[in-house]
Amino acid sequence: MVSAEVFARPPLLAWREYADLLRSPGWPDVDALNALLPAGGAYRFAAQTTALLADGLHYEQRIAERGLIATREDNWHDLLNALVWLRHPDLKLALNAMQVAEVSRMGPKRRSRAQYALTQFDESGVLVLVRDAGLLTAWDAHDWYELFWTRRAAWCDGSIEVAVFGHALLELALTPERLLVGRAMPLLGSARVDLRSVVAACAAGIADGSLLRDPQALRPLPLSGIPGWREDNAHAAFHRGAACYQPLRAGRCYPPVAGITDVVGGTA
């Protein structure tokens with residue numbers, strides 16, 4: 001039984017436009033999901049049945065070749081995945097195209113570094129707009145006390161913004177006591193840039209192969225440290241020893257963060 005309180009706080013609060021689906025007394029079927037898709041689209045949700053799986057296609061190949069997104073009934077993971085498709089279709093299509101290309105290149109039994117990166121982002125991804133590049137010093141050093149407590153105001157004044165993309169991460173948020181850690185794709189932008197630009201830039205970068213070629217490009221981001229995401233993070237003690245705060249592994253170095261203009265061009 002999922003508590004109603006999880007839908008009233010981040011990250012699920014940001015998906016309140018789909019409250020009717022999330023809080024429905026009856027489970028939304030694929031017809032209800034398909035009714036929210038644009039008319040005449042190239043893909044749709046399909047109940048994952050034995051007959052559907054009999055085509056022998058890989059999940060990603062089925063989307064690319066038949067336009068069918070296999071969706072299990074009474075399954076939170078798949079329902080939340082459907083919501084991400086509804087909100088961020090260009091990003092999901094870019095991920096699908098690259099996954100299919102990698103399956104074709106590697107074969108069905110081997111996985112490339114790019115496939116691991118694509119899968120991790122699809123499942124646990126967080127889009128991050130960084131307007132204050134100084135925050136990256138603390139983030140890259142895993143100085144969580146500095147990032148989430150000393151610089152606490154940055155999470156409230158627009159210096160940094162996040163949008164949860166990964167449906168597995170959203171599923172974990174259904175359990176209130178869980179400490180959430182996302183796999184973050186940060187991009188630098190100015191005050192004129194909004195999160196929609198980050199989504200577009202990320203989709204473009206995945207499509208052209210400039211982003212998500214290696215899982216090491218993704219940074220862990222302990223979302224439970226963000227103000228307002230948990231009541232207990234309003235106290236300094238949380239940021240000194242929360243289990244979601246892991247130290248930097250010896251020898252781990254993160255690649256430079258790209259600016260939005262580096263990915264899609266234009267003015268950031």
Open item on the list: Would you confirm, using the coordinates I've provided, whether Glu231 is among the acidic types (Asp, Glu) and crowded, with 18+ Cβ neighbours inside 10 Å?
Closed with: no
Task: Residue among Arg72, Arg23, Arg87 that alone is of a type outside the set (A, V, I, L, M, F, W, C), at pLDDT below 95 and within 30 Å of Val162 (Cβ to Cβ) - done: Arg23
Task: Answer residue from the range 43-69, given it is modelled with pLDDT of 95 or more and of a type in the set (Gly, Ala, Ser) and is farthest from Arg16 (Cα to Cα) among those - done: Ala54
- [ ] Residue by residue through the range 182-204, note down the ones that are among the small types (Gly, Ala, Ser), assigned to a helix (DSSP H, G or I) and buried (at least 21 other Cβ atoms within 10 Å of the Cβ).
- [x] Ala201, Ala203
- [ ] Kindly provide the set of residues from the range 70-92 that are surrounded by fewer than 19 Cβ atoms within 10 Å (Cβ to Cβ), over 14 Å from the mean Cα position of the chain (by Cα) and assigned to a helix (DSSP H, G or I), ordered by number.
- [x] Trp76
Task: When residues of the range 101-115 are limited to those that are basic (Lys, Arg) and either surrounded by 14 or more Cβ atoms within 10 Å (Cβ to Cβ) or in contact (Cβ under 8 Å) with a residue 12 or more places away in the chain (or both), the one farthest from Ala207 (Cα to Cα) - done: Arg111
- [ ] Considering (1) polar (S, T, N, Q); (2) more than 30 Å from Met1 (Cα to Cα); (3) modelled with pLDDT of 95 or more; (4) not in a helix (DSSP H, G or I), say which one Thr175 fails and leave the rest.
- [x] (2)
Open item on the list: Tell me whether the range 35-57 contains one or more residues that are in a helix (DSSP H, G or I) and under 30 Å from Glu161 (Cβ atoms).
Closed with: no
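The values are calculated or read from the model by the stated rules, or taken from the named source; none is laboratory data. Keep in mind the model is a prediction, meaning the values are calculated, not measured. All Cβ positions, even for glycine, are placed from backbone atoms using ideal geometry, and neighbour counts span all protein chains on display.
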